[in-house]
Every structure is written in structure tokens, then in C-alpha cells.
Amino acid sequence: MTQNDDGGTNRNTHHRGLAARWLPPILQLTKFGAVGTIGVVVNFAVFNALWLTVFNPSALRHGPLLATVVATLSAIVVNWFGNRYWAFAAERRRNAVREGLEFFAASLVALLFPLICIGASRYLLGLHSLLADNIASNVVGLVLGTIVRYLLYKFWVYSPRRAGRQDAGHPAGITDVPGDGTSASRLVRPQVESPSAE
């Protein structure tokens with residue numbers, strides 16, 4: 001093999017290594033973004049529907065804040081299904097109840113950002129229009145909340161280091177034993193040497 005062939009092989013190996021390292025997180029981030037986009041549509045639709053009806057600020061002073069809470073909770077439900085069964089499907093855990101509670105807790109932390117933004121817009125800046133509320137809650141607050149939510153999902157709720165992952169290995173004492181190609185697992189008991197007779 002010539003030196004040029006060696007160089008080409010090394011470059012191909014390097015490129016494959018880079019692809020294997022960066023492609024999975026890029027794909028996961030893309031899926032997270034797609035799920036988040038659906039959540040944004042739900043959030044936007046619910047928020048504006050409530051703002052224009054039951055939570056209209058002309059009838060209810062703090063209506064926009066309540067609309068923000070309800071809209072965000074609606075989006076949380078949509079996001080949980082999308083992230084659990086698609087974006088973070090490889091990292092989801094078997095304990096769906098615990099995972100759901102942690103997902104909800106992370107989403108509540110992210111909910112603080114739209115609330116803070118719309119509160120500052122209405123009560124500090126004196127902006128009370130539907131457009132101003134949408135910019136504060138569904139643009140600035142949503143972007144900040146999405147960043148925080150992704151980090152919490154990635155490194156806490158769906159962290160690969162957490163116990164009880166869906167792809168957890170075999171329990172202690174269970175080992176794959178090659179045999180007839182059926183990939184069956186059986187319990188392998190440690191062999192104990194009997195004391196030799198003196």
C-alpha cells in the first residue's frame with residue numbers, strides 16, 4: 001500500500017469518526033426542534049384563543065399571565081409525548097411516571113421565563129397590547145425557556161448516565177452466551193473450585 005493510500009484511509013477513518021461523534025446529537029437536536037415547533041404552534045394557538053376570550057385583559061386583569069400558564073401546560077403535554085417517543089426515544093427510561101414528573105418539573109422551570117418576560121412587559125414597561133404580549137411571552141420568553149428546557153432534558157431527564165434507561169444492560173449475573181445463533185441469554189453461575197483432597 002502506498003503512502004497516498006495510507007493517507008486516504010486515515011482521512012476516511014477520521015471523517016467517519018467525526019460523523020459518528022457529531023451526527024447523533026445533531027439529529028437529536030433537530031428532532032427536539034421539530035417537537036418544539038409543534039409545541040410552539042400549540043402554545044401560540046391556545047394563548048391567543050384564551051387572550052381573546054376568557055382571559056381577555058379587559059375582563060380579567062391578570063388574564064394574559066393565566067393564558068401563558070395554560071398555553072404552556074398544553075404545550076408541555078405535546079412536548080412530552082414527542083420527546084419521549086421520538087427525540088429522546090433512545091434515552092427514555094422504563095419508569096414513565098418518574099420520567100414524566102421530572103419532565104414536568106423541568107418544563108415548569110422553563111415556564112418561569114415567559115412569565116417573567118410578559119410580567120416585565122406589562123407591569124414594568126406598560127405594554128398591554130396583544131402583539132406586545134405575544135412578543136414577550138411567545139418570542140423572548142419562549143426562546144429563553146426552550147434553551148433551559150433542552151439543557152434540562154438532555155442532562156437530567158434523559159441523561160444517558162441516569163439509572164433505569166431503556167437501553168440498560170443485562171442485570172448482574174445474566175450473560176449472552178454464544179451458541180446456536182438464537183442470541184438467547186441464560187444465567188451463568190460462577191464456578192467454584194472444590195477443595196482438593198490432601
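Only the coordinates and a few stated rules stand behind these numbers; no lab work does. A quick note: this is a predicted structure, and the numbers were derived from the prediction, not measured. Please note: Cβ atoms are built from the backbone with ideal geometry, for glycine as well, and neighbour counts cover all protein chains shown.
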Practice problem: Order the peptides 50-61, 98-109 from the highest to the lowest mean number of other Cβ atoms within 10 Å of their residues. | Solution: 98-109, 50-61
Practice problem: Compute the length gained on full extension between Leu144 and Tyr85: take 0.36 nm times their separation in residues and subtract their Cα-Cα distance, giving the result in nm to one decimal. | Solution: 18.8 nm
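What is the calculated FRET efficiency for Trp22 to Trp156, with r their C-beta to C-beta distance and R₀ = 25 Å, to the nearest 0.05?
Values: r = 22 Å, r/R0 = 0.89.
The formula returns an efficiency of 0.65 here.
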Quiz item: Which FRET efficiency value, to the nearest 0.05, do you get for Lys31 and Ile116 by plugging their Cβ-Cβ distance into 1/(1 + (r/R0)^6) with R0 = 30 Å?
Solution: 0.60
